[in-house]
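The structure appears right after this line, and notes come after that.
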Amino acid sequence: MKLPEPGLYRTTQPYPGKEAEIPADVLVFVGMSPNGGVPFVVRPGSNRSNRWYWGEPTIPLRALNWAEKLVSLPAEGFYTLPEDLGTEAGGRWLKNAIVQLGYNGEGRGILFVAEQHADEPRNVLVFSERGRLIDDRLLRRLQWAPILPVPSAQRP
């Protein structure tokens, strides 16, 4: 049996012996200890800017049969839409629009469309805090948009 790669997953069944901490149908992160120890699984801790930050406690990943049933999810970040996407209000997001991919606590994809605010003096894109749930078929077809993250200490 092979351990899952580090990354985001949706559970399909509760973690044996830790059913309350990691139930079925939730978002988890599988990681490796920095010192090369046992892989771990952890639930989200907090969400800032449509991105999860991981909480405590981490649980050593020893249930390999359980790990085999995890559903791998694309990384949070920026993507482009592969097709036009209608909105509930009757509008639409256009094919190739830049979107931010995030997840809810159940591991379901949420898209946040990029907006350029006319009254914003800086040349920046803004992503809403309210997004749109998408199904797994669209989730798998998003195209990665390599937007360079620049730490504030390196900005002019």
Could you order the peptides 22-30, 138-146 from most to least packed, using the average number of other C-beta atoms within 10 Å per residue? 22-30, 138-146
Considering only the other residues whose Cβ falls under 11 Å of the Cβ of W52, what net charge follows from Lys and Arg at +1 and Asp and Glu at -1? +2
Using alpha-carbon pairs under 8 Å, 6+ residues apart, how would you state the relative contact order of the stretch 23-133 in percent? 19 percent
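Magnitude of the Cβ-charge dipole of the stretch 7-72, K/R +1 and D/E -1, about the Cα centre, nearest 20 debye? Display every interim value, and only then the final one.
Details: 7 positive and 5 negative charges, 35 e Å.
Result for the stretch 7-72 is approximately 160 debye, rounded to the nearest 20.
Quick one: net charge around K95, please, counting Lys, Arg +1 and Asp, Glu -1 for every other residue with C-beta under 12 Å from its C-beta.
Numbers: positive: R92, R141; negative: E83, D84.
Once all neighbours under 12 Å are counted, the net charge is 0.
Give me D84, D119 ranked fewest to most by other Cβ atoms within 10 Å of their Cβ, as a rough exposure proxy.
Values: D84 11, D119 4.
The most exposed by this proxy come first: D119, D84.
Compute, for the chain, the length of the dipole vector about the Cα centre, with Cβ point charges of +1 (Lys, Arg) and -1 (Asp, Glu) only. Units Debye, rounded to 20.
Values: 18 positive and 17 negative charges, 58 e Å.
With Lys and Arg at +1 and Asp and Glu at -1, about 280 debye.
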Just going by the charge dipole of the stretch 7-72, with Lys and Arg at +1 and Asp and Glu at -1 on Cβ, which of A20, G31, W66 is farthest out on the positive end? G31
Taking just the alpha carbons, could you work out the radius of gyration and Dmax for the stretch 1-100, both in angstroms? 16.5, 51
Using 1/(1 + (r/R0)^6) with R0 = 25 angstrom and r between the beta carbons of E120 and D25, what's the FRET efficiency to the nearest 0.05? 0.05
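Taken together, the values in this text are just the output of simple stated rules run on the coordinates, not laboratory data. The model shown is predicted, which means the values in this text are computed figures rather than measured ones. No Cβ is skipped: glycine too gets one built from the backbone with ideal geometry, and neighbour counts run over all protein chains shown.
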